[in-house]
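The values are calculated or read from the model by the stated rules, or taken from the named source; none is laboratory data. Just so it is clear, the model here is predicted, and its values are computed rather than measured. When we count neighbours, we look across all protein chains shown, and the Cβ atoms used for this are built from the backbone with ideal geometry, even at glycine.
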Amino acid sequence: MSAGVDETDEAQADSAVEPDGNVLSRRRWRTVALVLAPLVLFALLLATGLGRDPRELPSELIGQPAPTFSLPRLDAGGTLDLGELRGQVVVVNFWASWCVPCREEHDALAAAWGRYRERGVVVLGVSFEDTREAALGFRDELKGDWPLADDPGSRTAIAYGVFGVPETFVIAPDATIAAKTTGAVTYEWLTDEIEGALRAGNVA
Amino acid sequence: MSGRTRSIVVLAAAIAVVALAALIASGGSDDNQTLDERVHEIGAGLRCPVCLNLSVADSPSKLAGEMRTEIEKQLLAGRTPEQIRAFFIDRYGGWILLSPPPRGWNLVPWAVPIVGLLAGVVLWLAFVRRRAPRTAGEVTESEHLRIEHELADLEEPG
Amino acid sequence: MPALVGTLALALALALATYGATAAIVGARTGRPRVVESARTAAYSLFALVVVANLAMLAALLANDFSLRYVASNSSRATPTFFKMLALWSADEGSLLLWNLVLGGYLAAVAFRFRFRRPETFPWALAVMFGISAFYLVLVLGPTTPFATLAVAPPDGGGPLPLLQNHPLMAAHPPFLYLGFIGFTVPFAFAIAALITGRVSDAWMRITRRWTISAWIFLTIGLVLGALWSYGVLGWGGYWAWDPVENVALLPWLMGTAFLHSVMVQERRGMLKVWNLSLIVGTYALTVLGTFLTRGSILASVHAFAESIVGPLYLAFLTLVLLGGFGLIAWRRESLRAEATFDTPLSRESVFLGNNVLLLVLTFTVLVGTIYPLLAEAVTGGKVSVGSPFFNRNTMPVALLLLFLMGIGPLLPWRAASPSAVLRRLQVPMWAAALTAALLALTGAGVVAVIVFGLASFVAAATVAEMVRGVRAQRRAHGISVGAAVGSAVARNHRLYGGLVVHLGLIAAVVGVSWAALADRSSEVTIVRGQIVHAEGYDLRFDGLTTLEEPQRRVLVAELTVLDPETADEVVRLQPSLNLYPSASEPIGTPSIRTGTPFNGMVDLYASLVTVENDTRASFRFFVNPGIGLLWLGGAVMALGGVVAAWPTRPRAASPRGPKRLAERREEVTV
């Protein structure tokens, strides 16, 4: 249609603006490269985000003294006091009856509890954002037997920087936090960390 | 007074009124905050750990409510906002702050609007002041044909 | 069966996309219009096939076909029919199906629109759109397919996420957003086509002008609906949380708005060619960035879908768009010289350029803020949050400057203004601003209120004055009634009046938002049944709890009566509720809102139910939010203004062309 008009126009324009083809085409490529470089950098930057879990957060508390607590027991009368357990390895597990991974990790906790009980390792469950009835129902259903505590006002959860369940902390005999994990614990992780904490306790 | 002078006087008067109003307005201060307001202010700067991207002040979740209670308890115990923030940072990490403190690398997001605005003003001035050599003259034939062509495009509905 | 039909339809569509792109390019390069025609037909067929795929999924959802993993995860027998249908786009894979549907629709629409007069750029634009379709079809066929089947079909599904089946707004928000995002594909495709073919005159902009405005209108509506969703459904009392996914929807809106303004400068004066091409490439790239950040599991967000393999694919596509688009612009740099320059800073062009600069500053601020956590982690390994306090503080000053420009822009003519004329036009707005400021200051409002509302009055007065000026000119010229004058003024210049209406809508929204930010208040109260508690200037009484059993959930509705503290008259009865879904760990609260209208002082009364103990005691969060109603009103007015701006003008009768008439024609060019 009007192809003819544009082409002659462009040809004229081209010859007017580009007398020396080589110099200008080199300049062209340089402009292109200059423009593309920062964009490639931008893409690379975004690429660093790939393969990272945006929900995973490092713990601030590793190596810090474990926040003490004295909480009312759920499964029995009395209180659960962390201070009384100094000198022992303590596994503190934050959980809730409505949390699916908490069910998945129950067996691992039970197995670790069974294995290390005689060596003075204590497993504690701290209820997070849950009702007494639901929590005890969970315990009845899954038949664990380590001590459970209620956390009114979530003060202990806040003190431990908990932002979801399940979260599990391993506390060394010197009452510092040796390890932390979010999500369902595995038996391997538990045994690794408990052994490590026991060794540290023996050396010290 | 000429029309122009009158316009200027009117404008000046208007600006003066605004300035005066602003001065009067800035006289009041809000040092007397209630406890609730202080909790809200600190909470607004903390990120709710459970529900993503809402502040502790805004979040309807239970944990956020409990954190607000914690903040209130600490305020009543006499701790400063800085100390309370540090309390949460020690446990949750710098992530808990909804606004990155302008230090180190964290200066980058704060710098962008300022640098951007400056760069923008410079860019604007550069564009607006540019004077290209343009000879006024007859419309050349190729330009004429091009105008025809573009007007033809213009005729298309939409 | 649906899985088979759906997958087959999508596979055929992908084949057609590949064919269509090839045919369009080959037809264009070898000058064979029949080949290009076949590409056009391919576009129609592609759309039909994607419709079939969507219908297949819809059928599977309605028929409770749980052999499809998507149906099992996102629907259940108990889900009401309406929400079963909505499940089509409530999760990642299904919404990708919707994305393809809208994209196919635009492809077919472009093919249809240009079926007679086909510009030189058409085949290439079609090819670009086919290419983009192919990418999204690959995604919906491969990693993110909704038609994946389960070996054993479960007897019932898990149901949609409780939050997504709580409210009918779920129906409207995604489609409008998608119509907006994907709408920008059209001007982008034509821009790329123009760059490839070298036809870099203004044609590509003029051809796609209405498409761009329509995309902008849809995106505006989508964003406002999102805010409405956040406010009316999520129950935290706010409407915008600067969540990453909200931000990535805002970014193309900001750049698209800049683009809509600067094209007018290019059309009028032949300047800013590189600028406009860059803006449209940037706007489209931002929509792709949006899909990357939302679906590539990069940032944690309320919305984020999580898929690990697709991240690299989206990133690759984004990189291609950026490198291809900007590379082509850089390559064609020589042909894009400006034909004129700015005559003086005191002109509409300069103000439009200022508008662009400010909008871009806003865009970069929000962009950097959103992806900064990524950068920080890459460099320092630590995690950092960038949230509301940061964004609010850093966008407010620029937004206020932008508001100011919005006021003076329409007052300045194109090319150059005489300072005295400008001063004259500034009088009424300045008086409006001064009066508002004085009134507010004297009644004890703070500095911020004085500045913001003073500025808003300035802009509103300037905008209305401009409209009045135009209507008055028509009356004087033709001696017609006011109504007819309005009609004739608008008909002569849709874009100007549409734009002015959009500005008015924006001012209403800004006033509403600022008022809320300055004056909203809330408190948490626990009330025993029958008791009255005083909060935020009202008396609140808890009147009991009703339990509703629905097939998919249990609803606890609390009766909260709000009373006037002085007269003990009932102001409103609010019914905030808690929805308990079997699959959810916490109940989902639905707030109850008394919307502010001019008759009740424009104040929203908002209550959400936090906890309830049987019938005896309940805890509420009670908000008094002034001005929010203006946000919704402003949004609607903005959309309306957009429609006015995009309204087709009556085609002009053909007239003889000659050098003399050329000059006249130039004058008549629509703004």
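In table form, for the structure just shown:
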item: Candidates C:G498, C:G487, filtered to the one that is assigned to a helix (DSSP H, G or I), away from chain B (no Cβ under 14 Å) and touching a residue at least 24 places away in the same chain (Cβ under 8 Å); result: C:G498
item: The listed residue being closer than 24 Å to B:M67 by Cα, buried (at least 21 other Cβ atoms within 10 Å of the Cβ) and at pLDDT 90 or above, out of A:L109, A:L148; result: A:L148
item: Flag if C:R268 is more than 30 Å from B:D58 (Cβ to Cβ), within 21 Å of the chain's Cα centre (by Cα) and either surrounded by fewer than 20 Cβ atoms within 10 Å (Cβ to Cβ) or within 14 Å of another protein chain (Cβ to nearest Cβ) (or both); result: no
item: Members of the stretch C:376-388 that are in a helix (DSSP H, G or I), surrounded by fewer than 19 Cβ atoms within 10 Å (Cβ to Cβ) and either facing chain B (nearest Cβ under 7 Å) or modelled with pLDDT of 90 or more (or both); result: C:V379, C:T380
item: For C:T370: the one exception among (1) facing another protein chain (nearest Cβ under 9 Å); (2) over 26 Å from C:A465 (Cβ atoms); result: (1)
item: Test result for C:G596, assigned to a loop (DSSP other than H, G, I, E, B) and surrounded by 19 or more Cβ atoms within 10 Å (Cβ to Cβ); result: yes
item: Flag for C:V468 being over 23 Å from C:V361 (Cα atoms), surrounded by fewer than 17 Cβ atoms within 10 Å (Cβ to Cβ) and more than 7 Å from chain B (Cβ to nearest Cβ); result: yes
item: Residues being farther than 17 Å from A:A178 by Cα and buried (at least 22 other Cβ atoms within 10 Å of the Cβ) - total across the stretch A:64-96; result: 2
item: Pick from the stretch C:342-371, criterion small (G, A, S) and assigned to a helix (DSSP H, G or I), ranking: surrounded by the most Cβ atoms within 10 Å (Cβ to Cβ); result: C:G369
item: Contacts under 7 angstrom Cβ, first residue in the stretch C:107-125 being within 11 Å of chain B (Cβ to nearest Cβ) and assigned to a helix (DSSP H, G or I), partner crowded, with 18+ Cβ neighbours inside 10 Å and hydroxyl-bearing (S, T, Y), 6 or more apart; result: none
item: Contacts under 6 angstrom Cβ, first residue in the stretch C:436-452 being touching a residue at least 12 places away in the same chain (Cβ under 8 Å), partner acidic (D, E) and surrounded by 19 or more Cβ atoms within 10 Å (Cβ to Cβ), 6 or more apart; result: none
item: Near pairs, Cβ below 9 angstrom, 6+ apart or cross-chain, from the stretch B:49-69 (assigned to a strand (DSSP E or B)) to any residue that is among the charged types (D, E, K, R); result: B:S55/B:R47
item: Matching residues, the stretch C:189-223, being in a helix (DSSP H, G or I) and within 11 Å of chain B (Cβ to nearest Cβ); result: C:A203, C:W204, C:M205, C:R206, C:I207, C:T208, C:R209, C:R210, C:W211, C:I213, C:S214
item: Those residues of the stretch C:329-367 which are of a type in the set (F, W, Y) and within 7 Å of chain B (Cβ to nearest Cβ), in sequence order; result: C:F342, C:F364
item: Residue within the stretch C:518-540 that is closer than 30 Å to C:M430 by Cα, surrounded by fewer than 17 Cβ atoms within 10 Å (Cβ to Cβ) and either under 29 Å from the mean Cα position of the chain (by Cα) or not basic (K, R) (or both) present; result: yes
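Residue-wise test of (1) among the small types (G, A, S); (2) within 26 Å of C:D343 (Cα to Cα); (3) surrounded by 19 or more Cβ atoms within 10 Å (Cβ to Cβ); (4) within 14 Å of chain B (Cβ to nearest Cβ).
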{"site": "C:S420", "(1), (2), (3), (4)": "yes, yes, no, yes"}
{"site": "C:R424", "(1), (2), (3), (4)": "no, yes, no, yes"}
{"site": "C:L439", "(1), (2), (3), (4)": "no, no, no, yes"}
{"site": "C:A445", "(1), (2), (3), (4)": "yes, no, yes, yes"}
{"site": "C:R476", "(1), (2), (3), (4)": "no, no, no, no"}
{"site": "C:L506", "(1), (2), (3), (4)": "no, no, yes, no"}
{"site": "C:A509", "(1), (2), (3), (4)": "yes, no, yes, no"}
{"site": "C:W515", "(1), (2), (3), (4)": "no, no, yes, no"}
